[in-house]
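What follows is a single structure, written as structure tokens, with notes after it.
The values are calculated or read from the model by the stated rules, or taken from the named source; none is laboratory data. From a predicted model like this one, the values you see are computed outputs, not experimental measurements. We place every Cβ from the backbone using ideal geometry, glycine too, and count neighbours over all the protein chains shown. Surface areas here come from the heavy atoms of the whole protein model, side chains and all, with no ligands, DNA or RNA. Shrake-Rupley method; radii C 1.70, N 1.55, O 1.52, S 1.80 Å.
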Amino acid sequence: MDVTDRTLTALGFDDVRAAIGSRCRTEVGKSRGVARPFLDGLPEVLASLERVEEARGLKQEPLSLPLGGLTDFRPSLDRATKGGLLGPRELMSICAALFAFERTYEVLQERRERFPSLAALGRRMPLLGRLATRLDRSFEASGEISDRASDDLREARDRARGLHRRIRARLDALLRDEKFSSNLQEGYYSVRNDRYVVPVLSSHQREIDGIVHNASQSGQTLFVEPQELIGVGNELAIAQSVVLEEERKVLMELSGLVAREASKIEDGLLAAAELDELEAIALLSNDLHATAPSVHPAHGPLNVRGLRHPRLVLKGDQVIANDVDLSEGARALVVSGPNAGGKTITLTGIGLCALMVRAGLPIPVDPGSSIPLFNQVHSAIGDLQDLDQGLSTFSAHVTVLKHVVATAKKGALVLIDEIAADTDPREGAAIATAVLEDLLEKGALVLVTTHLEELKALAHLDPRFVNGRVGFDSKKMAPTYRLQLGASGASSAIDIARRVGLPEAICARATHLSQNSGGALSKALQAAEDERRKMLDQRDQAERDAKEARALKATAEQQLAEVERKKREEELKFRESLRAELEYARTQIRALVERLETDRSEKALTAAKQSAAELSTRINEQAAAERTVRASLKSGPEELAPLELKVGARARHRSLDAEVEIVDVSQDAVVVTMGALRMRVPASELLPTKKAAAPASRFPSPATRKDEQLKRAEATAARPMTLASPTLDLRGQRGEDAVREVERFLDRVSRDGEGAAILLHGHGTGALKTMVREYLRGSPYAKTFRPGDGPEGGDGVTVVELA
């Protein structure tokens, strides 16, 4: 990647690096973030974008890796490998890192299928649980070496603590002695130079034998170690030196253990830094609402949708999103329009996004955007005047152009703000045209801003150039910051001058002068622009009308579906009510049948049974209709074909609820036919028809014919019953009782929506089987019946297919 420091500064890439670093949680991660490099090639960029997307997915859980607080202890590792002694705080930092490595490894391995790239980084972290435990048990939270660090250390400290207790006990006894305490300034003892002392009045020094270790500033108090404690104090000094030696041994041992694993620990620290940086980039991408664009080689097209300048988004400013499309042979975008209208923002936004992609970062654009992987980014942006070298603004600008032209090559992105300005417009336009043509010949992709009319005209002469303009709101007298491709923009200099407060008389005079000046080229461009604007307005109006029509159609279809649904619901309620009444009537007739059977009135009994059968048939019909309506309610409204009012089209008559054919269409009515009937109806009475199923082919393939034959064979074959089919056991019952039980059973399972049932009567004498099958021949519940197959029970059962 070839880019100068001046270009990096002009585009603000260091602000993006700083934003990454500020979101890191570790020292090593921040060091990586603020120095984010440009990647070597397309595979590295795509791999980086993939890792960032995985990190964003991890953040959505939401989950942060346990990496917070890791320090950069690489200098400590280096000193340990050279035999140096590490301090407690250094070893504790390494211990915390080892535990963080282990937890991070577990978190990423649990999610390795969803985040394979992050899991691969996690596998670089060493699992040194024994070393981490050894370090952890060797230190207290305060940083002091723990007694658990070694047995020798614990014994040395126990001896020192015992000597401390002996000395303090003897001092407490001396302080309670009135003769001894009368020689003291105050009744306490302290430690001076690691020796226990008491504050003795200087005038009573001869009364207490011992060694003077210190004195007060006034000289009135002497800090004396009593003579009888000197021997024990010497023992304590020796014990404390032993403790220090044992502590040194512990630190040396632990430093050696760390040194043996130093390379693994350092690699784990670097992996943790990369993971921390990826999490920071994921946070930044979420803050920018960034996406990973499609990245292709440098000579490909540039097509970004919804571009938002990264630096403006980070500042929290309201940003207008714009599209930039250089494809189909276009290699240069010429942006014109008013000052402070966003021309430079477009250039720097594209340039900064190009640098971010080269660094493997998502960019603030909409999904579906694509961007080349540029190998160079050159810029000539801002005030380039150099007083130290005696260069004017134009001279400095040309100097930069000279460098750009000399170094640009195929695959470069060149950004030039106000190209060849600050000189004679005609000569400046000539220089600018020549520079742009040279850059395009070298294979660069170029974005420039300009107020020069000759450059705006290039798009009409050379297909490699595309015009773009930033808009100006004449009502608000302010720029819109909206980039419109395919059109050139006026500078609106007089309007801007009026907005910033230039006297109105001057502005009016300037308007008059500008309207009566300008050559044929500028007038032709203005006429072409006016015609284009008119066509765009007409297109926008047509799109608005079409959108409104689609909305009205969708609303009408929704209202029609709601009416149809309510109609089916009312029908369902009516059928449920009717079936309830029929059920009640059947119950009454059954009671009547039972009484007649008791009275043995054959004629009345036959009439009652016939009425019961008729009622059962009607109940079954209502139940079937109920199921149909209920299913239609669950499945929702049927898909309708579009209604076309033309001769030969099909429609549905609203009142008759029947399909009709249109034979004539006039302004106020439509003539339709339904069979032999011909009628004239208003167009509002016609509804769309239901969409017909796709017609079967007249010449089906051999495979299709075979499938149809199999389906017909399966439809005609007797269906075997499964154990899930309802079964009634009639064995041991008398004939008439069994028939009544069969009737009640079939009535119940029919209402439950079952398709078949099994009657288990056994073999016996065959009388029960004969009566049951005789009843089934006249039963309204039975569509067909048959003896069971071998697995179903053979002739000992009867399988009934319900009507």
> Has segment 181-189 got any residue that is assigned to a strand (DSSP E or B), open to solvent by less than 90 Å² (accessible area, probe 1.4 Å) and not basic (Lys, Arg)?
Replying inline: yes
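Scan 120, 149 and give me the residue that is without any contact (Cβ under 8 Å) to a residue 24 or more places away in the chain and under 29 Å from residue 266 (Cα atoms).
Result: 120 is the single residue among 120, 149 that is without any contact (Cβ under 8 Å) to a residue 24 or more places away in the chain and under 29 Å from residue 266 (Cα atoms).
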>> So, in segment 67-85, how many residues would count as being within 20 Å of residue 261 (Cβ to Cβ) and open to solvent by less than 60 Å² (accessible area, probe 1.4 Å)?
In response: 10
>> Return the pair list, or none, for Cβ contacts closer than 9 Å from residues in segment 338-361 that are open to solvent by less than 10 Å² (accessible area, probe 1.4 Å) to residues that are in a helix (DSSP H, G or I) and among the hydroxyl-bearing types (Ser, Thr, Tyr), at least 6 apart or on different chains.
In response: 351/7; 355/7; 359/48; 360/48; 361/48; 361/285
> Could we say that residue 39 is touching a Lys or Arg at 6+ places or on another chain (Cβ under 7 Å), part of a loop (DSSP other than H, G, I, E, B) and aliphatic (A, V, I, L, M) here?
Replying inline: yes
>> Quick check on my filter: what residues within segment 409-431 are under 27 Å from residue 300 (Cβ atoms), touching a helix residue (DSSP H, G or I) at 6+ places or on another chain (Cβ under 6 Å) and open to solvent by less than 10 Å² (accessible area, probe 1.4 Å)?
In response: 413, 414, 415, 419
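Any chance you could count how many residues in segment 747-781 are under 15 Å from residue 797 (Cα atoms), of a type outside the set (S, T, N, Q) and not in a loop (DSSP other than H, G, I, E, B)?
14
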> Can you name the residue in segment 395-408 that is hydrophobic (A, V, I, L, M, F, W, C) and crowded, with 16+ Cβ neighbours inside 10 Å and, of all such residues, is farthest from residue 300 (Cα to Cα)?
Replying inline: 396
> Can you find a residue in segment 133-143 that is outside any helix (DSSP H, G or I), open to solvent by 90 Å² or more (accessible area, probe 1.4 Å) and small (Gly, Ala, Ser)?
Replying inline: yes
>> Condition first: closer than 16 Å to residue 191 by Cβ, open to solvent by less than 40 Å² (accessible area, probe 1.4 Å) and not in a helix (DSSP H, G or I). Now tell me which residues in segment 208-249 satisfy that.
In response: 210, 216, 221, 222, 223, 224, 225, 226
> Would it be correct to say that residue 135 is closer than 20 Å to residue 87 by Cβ and in contact (Cβ under 8 Å) with a residue 12 or more places away in the chain?
Replying inline: yes
> Considering segment 11-57 alone, what residues qualify as being open to solvent by less than 30 Å² (accessible area, probe 1.4 Å) and over 26 Å from the mean Cα position of the chain (by Cα)?
Replying inline: 11, 12, 28, 41
> Counting just the residues of segment 756-773 that are open to solvent by less than 40 Å² (accessible area, probe 1.4 Å) and of a type in the set (Gly, Ala, Ser), which one comes out farthest from the chain's Cα centre (by Cα)?
Replying inline: 766
> Taking segment 417-471, which residues are in a loop (DSSP other than H, G, I, E, B) and free of Cβ contacts under 8 Å to residues at least 40 places away in the same chain?
Replying inline: 418, 419, 420, 421, 422, 423, 424, 442, 452, 462
> Restricting attention to segment 543-575, which residues are at pLDDT 80 or above, under 18 Å from residue 652 (Cα atoms) and open to solvent by less than 100 Å² (accessible area, probe 1.4 Å)?
Replying inline: 556, 560, 561, 562, 563, 564, 565
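Residues in segment 115-125: is at least one open to solvent by 50 Å² or more (accessible area, probe 1.4 Å), hydrophobic (A, V, I, L, M, F, W, C) and touching a helix residue (DSSP H, G or I) at 6+ places or on another chain (Cβ under 6 Å)?
no
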> Are any of the residues in segment 489-503 among the hydrophobic types (A, V, I, L, M, F, W, C) and modelled with pLDDT of 90 or more?
Replying inline: no
> Condition test on residue 298, is it modelled with pLDDT under 95, of a type outside the set (Lys, Arg), over 30 Å from residue 94 (Cα atoms) and outside any helix (DSSP H, G or I)?
Replying inline: yes
> How many of the residues making up segment 157-178 are within 60 Å of the chain's Cα centre (by Cα) and in contact (Cβ under 8 Å) with a residue 24 or more places away in the chain?
Replying inline: 1
